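See structure below.
Every read-out reported here was derived from the displayed coordinates using simple, explicitly stated rules and does not represent laboratory data. Computed from a predicted structure; not experimentally measured. When we count neighbours, we look across all protein chains shown, and the Cβ atoms used for this are built from the backbone with ideal geometry, even at glycine.
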Amino acid sequence: MKKIIACLLTLAFVAIYSCSGNKVDVGKEPGPALPPESVYNLETTWEDQNGDSLQLKELRGKIPVMSMIFTRCAFACPRIIADMKAVASQVPGDKKDKVVFVLVSFDSDHDNAARLKQFASQMQLDDQWVLLHGDPEQVRELSMILNIKYKKQPDGSFSHSNVLSVLGPDGVIEGQSEGLGVNPEMLTSKIEDL
Amino acid sequence: MENKFLTQRAGRFFTDKHRICLFISVLLCEFSVSSVATMKSFAQGGMVKIPTGTYKGFYENSQAEKIRVKTFYMDVHAVTNAQYLEFVKANPIWSRSKVSRLYADAGYLKHWESDFKISRDKKMDNSPVVNVSWFAASAYCKWKGKRLPGLEEWEYAAKAKPDHSDIDKIILNWYSKPNPVTLPNVGSAPSNSYKLQDMHGLIWEWVYDFNSVMLEGDSRSNAELNRNMFCAAGSAGVSDRKNYAAFMRFAFRSSLKANYTVNNLGFRCSKNVE
């Protein structure tokens, strides 16, 4: 009898121990390692329109739709935002809470948190939108990853290509559209598959 | 040092007016000294100081102002395989088997024998390293306390005439030949008047903002950038239509992505003048 009790006790201990052990593991590990081609491997820190700092990997698990703009941009940027809104309006229902729209500024000199916030309200962007700025070097690096080309002009404005990227939950670029006024279905169909 | 010493001593003997004159002459003196310093730094750090100046951009339209480039240091040679191996040994995440596909495509260092070995014979040690991505080149320069040259800096520095020959002839002659199996050592093409070597004639080179050039088929509809260069009017916007070599460079740059590796594309580093 004593043996059985000892046995049961041991089993109970093992069970509790392994259980609590599991819990700790879950808390410690955010998930499997990032795929090597994930944008979330970038270690740089950005600031958003609310003045909070953010690393892109904090978006893990979401489905970001990303592009790059600058707030003083008169022509192409409002149009690319319109294209993103078109995507927003066609996101399938079950993906709505996962999709997040990310705009990163080219203009490290002028676009700070306050300016981005003002721009967001001017463009009527809700809290599904994240607007980021950082130093010129990290902006150049991100542009390389997203295949966006740009050049600062002597007057301080930026010439740039217009590329929309959809990232998967692990930060891998799953789809891109280039140009203005593109059919949103190209991207929404990708989002559906994720 | 000597100049400072002179000013200090002179200060005791001269009035303020004299001091201003002296200051100006010291400045002039400083300028002449700086050219000597250039020679010195060439010998020591493997870099030369490129003076501030302007140049006519290749693809700005003819009314555009000249492009102004501020003084900076530039490596005399492109980075060699042996130098790059030091970097890889110190930073194994940049070895062939460890590097992330985000940062370099599958061709990364494919001409090397293995992760930490260039080749059995030492032939390639002093040839320029190629098959490196923009990210890899940037990381190397950072490790050295340097940076990649800007596109405008590179073009400005590359415009300097070689000592005794016609720059266009060298370039077109180079373009017309296929790549040799083993690239020649750095320093095999003539140096230009800044004492930079191999700016043309050996390899293509990465620049920091290579992605500021857009010449894709969609440059009419998409990018506002560089429409002067290849839009409906042919190449009417280009400042020097006979500069075939520059057409090639800009077209090549526009075709690149930052993780691409190419078997005749390497790099050299630059540095700010503090």
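Quick notes on this structure:
- Only Lys, Arg (+1) and Asp, Glu (-1) charged, at Cβ; the range A:39-193 dipole about Cα centre in debye: 320 debye
- Contour excess over end-to-end distance, with Cα ends at A:Arg72 and A:Lys95 and 0.36 nm allotted per residue: 5.1 nm
- In the range A:33-136, the chymotrypsin sites (Phe, Trp or Tyr not before Pro) that fall in loop regions by DSSP, at most 14 other Cβ within 10 Å: A:Phe75
- Applying 1/(1 + (r/R0)^6) with R0 = 30 Å to the Cβ-Cβ distance of B:Ser100 and B:Asn185 gives a FRET efficiency near 0.45.
- Partner shielding of A:140-149 amounts to 5, given as the average count of beta-carbon atoms from other chains within 10 Å of each residue beta-carbon.
- In order through the range B:250-259: 3J(HN,Hα) via Karplus (6.51 cos²θ - 1.76 cosθ + 1.60), integer Hz, x for Gly, Pro: 5, 5, 4, 4, 5, 8, 8, 10, 5, 9
- Using a Förster distance of 22 Å, the FRET efficiency for A:Gln118-A:Asp52 (Cβ separation, nearest 0.05): 0.85
- Converting phi to 3J(HN,Hα) with the Karplus coefficients 6.51, -1.76 and 1.60 and the offset θ = phi - 60°, the range B:78-94 yields 5, 5, 8, 4, 4, 5, 5, 4, 4, 4, 5, 5, 6, 10, x, 5, 9 Hz in sequence order, with x at every glycine or proline.
- Across the range A:39-193, counting alpha-carbon atoms alone, Rg and Dmax equal 14.2, 46 Å.
- Annotation: amide H-H contacts under 5 Å for B:Ser191 (H modelled 1.01 Å from N, sequence separation of 5 or more, or interchain): B:Asp163.
- Using R0 = 56 Å, the C-beta based FRET efficiency linking A:Ser157 and B:Arg120 works out to 0.55.
- Spin-label pair B:Tyr175/B:Asn91, simplified geometry with 7 Å Cα→Cβ offset, distance in nm: 3.3 nm
- Cut-off under 5 Å, modelled amide H: who pairs with B:Ala104 long-range: none
- Under a 5 Å amide H cut-off, with hydrogens placed 1.01 Å from N, B:Val76 pairs with B:Met47, B:Val48 among residues at least 5 apart or on other chains.
- Phi-based couplings in Hz for the range B:124-135 (Karplus 6.51, -1.76, 1.60; Gly and Pro marked x): 8, 3, 9, 7, x, 6, 10, 6, 10, 7, 4, 5
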